[in-house]
Amino acid sequence: MAAYKPVVVQACPKLGEKITQDTLYWRGYKTPVQIKEFGAVNKIDFSPVPPYNYAVTASSRIHIYGRYSQEPIKTFSRFRDAAYGATYRDDGQLLVAGSEDSSIRLFDVSGRAPLRQFDGHTKPVHLVGFLSDKYRIFSGGDDYSTNLWDIPSATEIVSYSEHTDYVRCGCASKVNADVFVTGSYDHTVKLFDARTKRSVMTIEHGHPVESVLLFPSGGLLVSAGGRYVKVWDVLKGGQLLVSLKNHHKTVTCLCLNSSGQRLLSGSLDRHVKIYSTTSYKVVHSFNYATSILSLALSPEDETIVVGMTNGVLNIKHRKPEERNEKSQKKRQPAYRTYVKGRTYMPKQEDFCVSKPVRRVLRKYDKLLKSFESSKALDAVLEPPIMLHTPEVTVAVMQELHRRGTLRNALAGRDEKQVNLLLTFVARRVIEPRFTPVLVTVADMITDIYQPVVGQSAIVDKQFLKLQEAIGKEIDYQEELLEVLGMMDTLFATFTEKRDTDLEENESDGLTE
């Protein structure tokens with residue numbers, strides 16, 4: 001009796017994911033830590049000085065977290081209503097935040113009570129930040145105004161009323177201490193100089209502006225609003241360099257990595273896209289559970305923090321690099337030790353002993369070896385196999401058909417098993433690699449269970465799904481045949497034209 005040969009499963013090539021240096025770099029983060037806040041996280045800001053704590057603004061509180069702490073190390077809760085946009089100063093010692101009650105509060109990071117309170121806006125203040133000279137604050141509110149404040153005297157220096165809708169975002173230049181940018185829901189981005197009484201530049205974004213960002217050099221400006229992220233050249237008077245449309249919902253936040261070579265954007269579509277600032281192509285993306293409102297990257301790119309609409313704070317820390325230990329390793333045997341005797345040719349007087357190779361059979365192979373066809377089919381109809389390796393299920397069906405026992409294996413099944421079979425066939429019959437086998441299986445199931453049609457609503461529904469899937473596939477094939485016919489006609493026309501051109505050239509040569 002010949003030895004049993006295992007079922008041959010058809011192997012199909014798979015398209016491998018393109019692995020780039022960016023893919024390896026951005027995948028180098030640990031499993032995220034999630035912290036539940038009291039409300040939607042509207043701003044995350046990292047301290048620019050070690051140990052790089054970060055301020056999280058949510059609901060009526062500002063929480064300060066350490067890099068690896070899962071509980072806030074400090075909380076500022078002196079707000080009667082919602083707090084907005086808590087931002088660190090460049091030295092990491094002061095923190096400024098807007099609020100729903102139209103006031104701006106300045107905090108010392110080491111204290112608890114506000115050092116200063118600035119009152120001048122008449123509606124909620126969502127935008128606050130420090131100019132790079134560290135002694136002035138700029139703010140933007142829902143009263144359409146943009147104000148500049150002096151920290152030592154707690155007085156208003158100048159107020160701009162050029163926007164015609166809510167001012168919700170802005171940033172200050174790190175190169176010039178008098179320059180700052182604001183973005184508004186009136187679709188414009190305005191660049192202000194504190195030494196003038198009007199804005200010095202207006203850029204039309206085309207959608208309500210949710211976030212703006214200046215590159216460290218101060219020459220490029222990025223604005224986000226709607227589904228677009230746009231990059232502008234400030235030195236050329238606000239010329240549009242590139243418009244990116246990689247999100248399918250509103251882009252809410254932007255940030256740069258420490259080197260300025262990668263731009264990150266977060267959106268309500270639950271994705272964070274990472275762009276190269278040289279080609280402006282997406283080099284990587286992260287997927288999150290819910291819509292993203294805020295995003296921040298630590299100064300050394302060690303931590304990514306994302307704030308979501310459901311109040312969850314998602315923190316990813318970079319994996320530590322493996323240290324190259326210069327310990328004395330045990331000397332390995334030379335390569336010739338491993339290959340010794342591999343090329344030896346036995347002589348006539350040598351006696352060769354072959355070592356038997358033991359094959360481990362899978363469950364369905366063992367059942368097929370015992371001629372238990374129905375149980376073998378049951379073994380490959382388990383959900384994990386059908387979902388992840390459908391080629392195994394089809395291979396066993398093909399083997400049963402070759403043996404002539406497929407009809408017996410399909411017969412005598414209850415409502416649940418028939419439903420499972422029909423679900424698999426209806427889903428996979430349109431795949432070209434499985435079609436020849438599954439069409440035969442579908443014919444047999446129809447023949448066997450035709451007498452019981454109408455007795456089970458579940459089975460009838462699956463038969464209708466199978467009919468619909470096959471009908472759609474036939475329609476597609478007919479359309480493809482029509483297209484092929486059109487293409488054949490076009491190719492034939494091109495060939496005839498080429499032949500006539502050659503004939504004319506030959507005849508011209510003869511007459512000449």
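The values are calculated or read from the model by the stated rules, or taken from the named source; none is laboratory data. Quick caveat, the model's predicted, so the values are computed rather than measured. Neighbour counts are summed over all protein chains in view; Cβ atoms, including those assigned to glycine, are modelled from backbone coordinates with ideal geometry. Remember, those area values only see protein heavy atoms, side chains included, never the ligands or the DNA or RNA. Shrake-Rupley method; radii C 1.70, N 1.55, O 1.52, S 1.80 Å.
Filter the stretch 70-84 down to the residues that are part of a loop (DSSP other than H, G, I, E, B) and open to solvent by 30 Å² or more (accessible area, probe 1.4 Å), then identify the one that is nearest to SER99 (Cα to Cα). If we take residues in the stretch 70-84 being part of a loop (DSSP other than H, G, I, E, B) and open to solvent by 30 Å² or more (accessible area, probe 1.4 Å), then ASP81 is nearest to SER99 (Cα to Cα).
For every residue, the table says whether it meets (1) farther than 23 Å from LEU244 by Cα; (2) touching a helix residue (DSSP H, G or I) at 6+ places or on another chain (Cβ under 8 Å); (3) modelled with pLDDT of 95 or more; (4) not assigned by the TED database to the domain that holds VAL242.
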{"residue": "VAL158", "(1), (2), (3), (4)": "yes, no, no, no"}
{"residue": "HIS163", "(1), (2), (3), (4)": "yes, no, no, no"}
{"residue": "VAL175", "(1), (2), (3), (4)": "yes, no, no, no"}
{"residue": "ASP193", "(1), (2), (3), (4)": "yes, no, no, no"}
{"residue": "MET201", "(1), (2), (3), (4)": "no, yes, no, no"}
{"residue": "GLY206", "(1), (2), (3), (4)": "no, no, no, no"}
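The criterion of being out of contact with any strand residue (DSSP E or B) (no Cβ under 7 Å at 6 or more places or on another chain), open to solvent by less than 30 Å² (accessible area, probe 1.4 Å) and of a type in the set (A, V, I, L, M, F, W, C) holds for VAL7.
Of the set (1) at pLDDT 85 or above; (2) closer than 21 Å to TYR29 by Cβ; (3) open to solvent by 70 Å² or more (accessible area, probe 1.4 Å), all apply to ILE315 but (3).
Taking the stretch 341-389 as the range and being surrounded by 13 or more Cβ atoms within 10 Å (Cβ to Cβ), among the basic types (Lys, Arg) and more than 21 Å from ASP414 (Cα to Cα) as the test, the residues that pass are ARG362, LYS363, LYS366, LYS369.
When LEU214, LEU264, LEU268, LEU295 are checked against the criterion of being open to solvent by 20 Å² or more (accessible area, probe 1.4 Å), under 21 Å from the mean Cα position of the chain (by Cα) and within 23 Å of VAL41 (Cα to Cα), a single residue qualifies: LEU268. Within the set GLN450, GLN398, the sole residue that is of a type in the set (S, T, N, Q), closer than 21 Å to VAL9 by Cα and part of a helix (DSSP H, G or I) turns out to be GLN398. Here THR252 passes the criteria (1) over 18 Å from SER276 (Cβ atoms); (2) modelled with pLDDT under 90 except the one numbered (2). Within the stretch 429-444, being assigned to a helix (DSSP H, G or I) and either touching a residue at least 60 places away in the same chain (Cβ under 8 Å) or β-branched (Val, Ile, Thr) (or both) holds for THR435, VAL437, VAL439, THR440, VAL441. Put simply, of TYR288, TYR275, TYR338, TYR280 the only residue that is surrounded by 14 or more Cβ atoms within 10 Å (Cβ to Cβ) and farther than 28 Å from THR188 by Cβ is TYR288. Counting residues in the stretch 11-26 that are in contact (Cβ under 8 Å) with a residue 12 or more places away in the chain, in contact with a helix residue (DSSP H, G or I) (Cβ under 9 Å, 6 or more places away or on another chain) and over 18 Å from ASN257 (Cα atoms) gives one or more. The set of residues in the stretch 411-426 that are free of Cβ contacts under 8 Å to residues at least 24 places away in the same chain, surrounded by 13 or more Cβ atoms within 10 Å (Cβ to Cβ) and in a helix (DSSP H, G or I) is empty.
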